[in-house]
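Q: Below: one structure in structure tokens.
The values are calculated or read from the model by the stated rules, or taken from the named source; none is laboratory data. All values reported here derive from a predicted model rather than from experimental measurement. So basically every Cβ, Gly included, is an ideal-geometry build from the backbone, and we count neighbours across all protein chains shown.
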Amino acid sequence: MSVDNPRAREKEFPDVDGAVSKQTWVDRAYELFDNKKIRNSSLLGLAAVVLLIPTFGGNYVMEIFTNAFFYMVLCLGLNIVVGYAGLLDLGYAAFFAVGAYTTGILTAHFGMNFWLTIPFSVLFSAMAGIIIGGPTLRLRSDYLAIVTLGFGEITRITARNLEITGGASGLIGIDRPELFGLRLYQIQHFYYVFFVLVIIAIFVAVRLHHSRLGRAWQYIREDEDAAEAMGIDRVKFKLYAYIIGAVFGGVAGSFFAVKMTAISPQTFLFTQSAMILLAVVLGGMGKIPGMIVGAFVLVIFPEVFRAIGDLRMLFFGVVLLVIMLFRPQGIWPERRS
Amino acid sequence: MAILEVKNLTLRFGGLTAVNDLSFGVDEGSITSLIGPNGAGKTSAFNCLTGFYKANEGDIVFDGKSLMKEKPHKITQLGMARTFQNLRLFKNMSVLENVMAGMHCRGSVGVVGSILHTPKQRAEEKKIKEYSEYCLDFVGILDKKERLARNLPYGDQRRVEWARALATKPKLILLDEPGAGLNYDEKDDLIKLIQRIREKLGITIFLIEHDMGLIMKVSEKIIVIDYGQKIAEGNAEEVQNNPRVIEAYLGKEEEDEAV
């Protein structure tokens with residue numbers, strides 16, 4: 001047995017403040033954001049711009065923004081699993097599918113009011129979280145990734161083969177919801193609805209991050225054994241992360257279903273899960289503004305370069321590679337000193 | 001009265017018996033040490049006590065309750081805290097957040113409370129913060145609470161680990177080589193700290209240590225193991241003069257050469 005001298009190890013990995021000196025102007029700009037006054041005023045400004053976009057932007061712009069809002073909610077949800085708790089999930093689209101199908105089936109087959117379907121979608125997506133999480137959370141990263149990948153595919157294939165989900169053609173004619181007597185059908189309605197959804201998602205994500213629960217996830221992410229030694233039940237808290245992440249996906253899925261009025265298994269392909277994960281990694285895991293930026297880039301980029309046709313996805317791929325090479329920690333990462 | 005009672009504990013890794021039929025007791029309010037040469041099974045025994053390893057045979061009774069089937073987090077909740085031989089801090093978190101981890105098992109607020117910021121949640125957060133600061137003050141590094149754990153000098157990182165263990169409000173604290181990597185002055189502080197933990201907080205202390213000087217100064221009872229078996233037990237003087245202990249540490253004297 002070798003004598004383990006921790007002090008020698010410390011010298012081997014001198015990870016002292018070296019990172020800070022490499023700060024770029026981008027990071028300094030982010031630091032400004034830590035100032036409460038600057039943050040609040042810039043957020044207010046941002047909110048004002050977002051609220052005003054429908055008055056001058058056309059349907060196309062609103063459609064893209066609504067789509068971006070939708071991905072922001074999904075990213076914030078997946079961020080709880082991947083960013084906060086440090087669990088790789090390659091099947092996140094499954095939870096979003098559960099929510100979408102729950103709302104689709106309950107409104108189309110049972111004529112239920114859309115707003116009443118949301119609690120069901122919360123319930124079912126949470127159950128999906130437990131079903132996938134319960135037996136698998138004892139696994140460590142790589143294995144967990146494979147199992148979640150499988151679960152994502154199982155969900156999609158099940159949806160394609162059941163009668164109640166409409167099989168391969170999916171569900172069509174999902175009823176539009178009403179809000180205080182106003183029928184939501186125009187794109188600007190959904191624009192505002194999804195914007196509110198993003199605000200709620202951010203609120204919940206922030207509150208969770210700065211709580212006993214959020215800290216527990218961080219402890220587990222940093223060192224599972226030490227967290228366990230501190231009396232933190234790692235399986236229980238990982239499961240919480242899964243359930244909450246699943247609920248975010250489920251609720252987003254419900255709104256997605258009524259916005260599109262039609263859903264099919266094609267919507268929930270593996271690429272969908274991969275795209276959401278990509279936005280999370282691109283934005284900067286664990287950081288809420290990072291999720292907003294990541295989702296926004298994911299949606300906007302292919303639209304801006306629509307002119308160059310199919311080549312744009314190739315171009316997008318190259319740009320992502322370049323970003324990851326120069327900023328492996330993501331665009332707006334969690335940084336602390 | 002013994003707060004911790006180990007009876008015939010045996011741990012095997014395949015064909016290797018790391019802990020072999022080990023029995024001992026730790027009296028409430030005492031400072032007890034477990035020593036032995038490298039590879040004697042000290043850390044393995046520790047890991048059995050804290051639930052990280054599952055012993056094959058025997059029983060561990062802590063505060064009147066068997067720990068054989070409990071998970072590590074449950075054992076911590078029951079009041080047995082530990083530190084690690086090689087520091088296991090949450091390196092990218094602040095010192096205060098590190099210590100707050102210890103208070104986690106004494107809290108109860110869940111998802112809804114966290115999202116809604118209920119009065120109960122706010123009261124609990126305040127309590128967690130205050131007690132964590134108290135623990136940091138106790139080990140003497142309250143002024144560094146906002147720094148990142150990885151940026152502290154080694155000696156201070158050790159202190160963070162002790163504070164974190166204290167924050168779990170334990171009845172018994174297990175220190176796995178607390179003196180490893182510390183210099184002479186730091187070891188002196190450690191001895192004083194160990195005594196203060198017992199005197200002021202009333203916590204029983206059980207430690208593993210290599211440093212004989214430290215052990216002899218601080219412990220009231222010493223258990224010596226070799227090859228996973230207990231070879232001696234007693235106070236510093238008794239153990240030092242025990243021939244089996246001398247043999248384990250220095251080897252056996254050759255009869256022929258002695259003549």
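Q: Return only the number of the condition from (1) within 24 Å of A:S273 (Cα to Cα); (2) surrounded by 13 or more Cβ atoms within 10 Å (Cβ to Cβ); (3) touching a Pro at 6+ places or on another chain (Cβ under 8 Å) that A:I146 does not satisfy.
A: Here A:I146 meets the rest and fails (3).
Q: Now, a different point. Could we say that B:I115 is outside any loop (DSSP other than H, G, I, E, B) and either more than 7 Å from chain A (Cβ to nearest Cβ) or not β-branched (V, I, T) (or both) here?
A: Judged against the criteria, B:I115 is not a match.
Q: Could you check, for segment B:129-145, whether at least one of its residues is surrounded by 20 or more Cβ atoms within 10 Å (Cβ to Cβ) and at the interface with chain A (Cβ under 9 Å from one of its Cβ atoms)?
A: No, segment B:129-145 contains no residue that is surrounded by 20 or more Cβ atoms within 10 Å (Cβ to Cβ) and at the interface with chain A (Cβ under 9 Å from one of its Cβ atoms).
Q: Give A:L123, A:L149, A:L144 a once-over and let me know the one that is more than 30 Å from A:L52 (Cα to Cα), without any contact (Cβ under 8 Å) to a residue 12 or more places away in the chain and in a helix (DSSP H, G or I).
A: Sole residue among the options that is more than 30 Å from A:L52 (Cα to Cα), without any contact (Cβ under 8 Å) to a residue 12 or more places away in the chain and in a helix (DSSP H, G or I): A:L123.
Q: Quick one: which residue in A:T107, A:T103 is touching an Asp or Glu at 6+ places or on another chain (Cβ under 9 Å), in a helix (DSSP H, G or I), β-branched (V, I, T) and modelled with pLDDT under 95?
A: The conditions single out A:T107.
Q: Can you name every residue in segment A:208-226 that is among the aliphatic types (A, V, I, L, M) and more than 7 Å from chain B (Cβ to nearest Cβ)?
A: The answer is A:I220, and nothing else.
Q: Can you pull out every residue in segment B:179-212 that is part of a helix (DSSP H, G or I) and in contact with a Pro (Cβ under 8 Å, 6 or more places away or on another chain)?
A: Answer for segment B:179-212, where residues must be part of a helix (DSSP H, G or I) and in contact with a Pro (Cβ under 8 Å, 6 or more places away or on another chain): B:L190, B:I194.
Q: Residues of segment B:146-160 being crowded, with 17+ Cβ neighbours inside 10 Å and within 29 Å of B:G113 (Cβ to Cβ), which ones?
A: B:L148, B:A149, B:V160
Q: I want to confirm something. Restricting to segment B:1-36 and keeping residues that are crowded, with 17+ Cβ neighbours inside 10 Å and within 14 Å of another protein chain (Cβ to nearest Cβ), which single residue is nearest to B:A180 (Cα to Cα)?
A: Filtering segment B:1-36 for residues that are crowded, with 17+ Cβ neighbours inside 10 Å and within 14 Å of another protein chain (Cβ to nearest Cβ), the one nearest to B:A180 (Cα to Cα) comes out as B:G36.
Q: Being modelled with pLDDT under 95, within 11 Å of another protein chain (Cβ to nearest Cβ), touching a Phe, Trp or Tyr at 6+ places or on another chain (Cβ under 6 Å) and not in a helix (DSSP H, G or I) narrows it down to one residue among B:F84, B:F90; which is it?
A: Within the list B:F84, B:F90, the selection yields B:F90.
Q: What do you reckon, is A:L74 aliphatic (A, V, I, L, M) and surrounded by fewer than 16 Cβ atoms within 10 Å (Cβ to Cβ)?
A: Spelling it out, it is not the case that A:L74 is aliphatic (A, V, I, L, M) and surrounded by fewer than 16 Cβ atoms within 10 Å (Cβ to Cβ).
Q: So is B:G213 out of contact with any His (no Cβ under 9 Å at 6 or more places or on another chain) and at positive phi or not?
A: no
Q: Which of (1) at pLDDT 90 or above; (2) surrounded by fewer than 17 Cβ atoms within 10 Å (Cβ to Cβ) is the odd one out, the single condition B:M103 does not satisfy?
A: Going through the list (1) at pLDDT 90 or above; (2) surrounded by fewer than 17 Cβ atoms within 10 Å (Cβ to Cβ), B:M103 breaks only (2).
Q: Could you go through segment B:213-225 and let me know if any residue there is free of Cβ contacts under 8 Å to residues at least 12 places away in the same chain, within 24 Å of B:L136 (Cα to Cα) and in a helix (DSSP H, G or I).
A: The answer is no, given that none of the residues of segment B:213-225 is free of Cβ contacts under 8 Å to residues at least 12 places away in the same chain, within 24 Å of B:L136 (Cα to Cα) and in a helix (DSSP H, G or I).
Q: Related question: Can you tell me how many residues in segment B:124-147 are part of a loop (DSSP other than H, G, I, E, B) and under 15 Å from B:A101 (Cβ atoms)?
A: 1
Q: Sticking with this structure for a sec: Between a residue in segment A:63-81 that is touching a residue at least 60 places away in the same chain (Cβ under 8 Å) and any residue that is basic (K, R) and in a helix (DSSP H, G or I), which pairs come within a Cβ distance under 9 Å, given they are 6 or more apart or on different chains?
A: What qualifies is A:T66/A:K259; A:F70/A:K259; A:V81/A:K238.
Q: Give me the pairs, please: first residue somewhere in segment B:146-168 and at negative phi and facing another protein chain (nearest Cβ under 9 Å), second residue anywhere and among the acidic types (D, E) and part of a helix (DSSP H, G or I), beta-carbon distance under 7 Å, and either six or more positions apart or on two chains.
A: Pairs that qualify, where the first residue is at negative phi and facing another protein chain (nearest Cβ under 9 Å) and the partner is among the acidic types (D, E) and part of a helix (DSSP H, G or I), are B:Y154/A:E10.
Q: Restricting to segment A:103-130, name every residue that is more than 13 Å from A:A246 (Cα to Cα), of a type in the set (G, A, S) and touching a helix residue (DSSP H, G or I) at 6+ places or on another chain (Cβ under 8 Å).
A: The one that is more than 13 Å from A:A246 (Cα to Cα), of a type in the set (G, A, S) and touching a helix residue (DSSP H, G or I) at 6+ places or on another chain (Cβ under 8 Å): A:G104.
Q: Of all the residues that make up segment B:37-62, how many are touching a residue at least 24 places away in the same chain (Cβ under 8 Å) and under 16 Å from the mean Cα position of the chain (by Cα)?
A: Looking only at that region, the number is 13.
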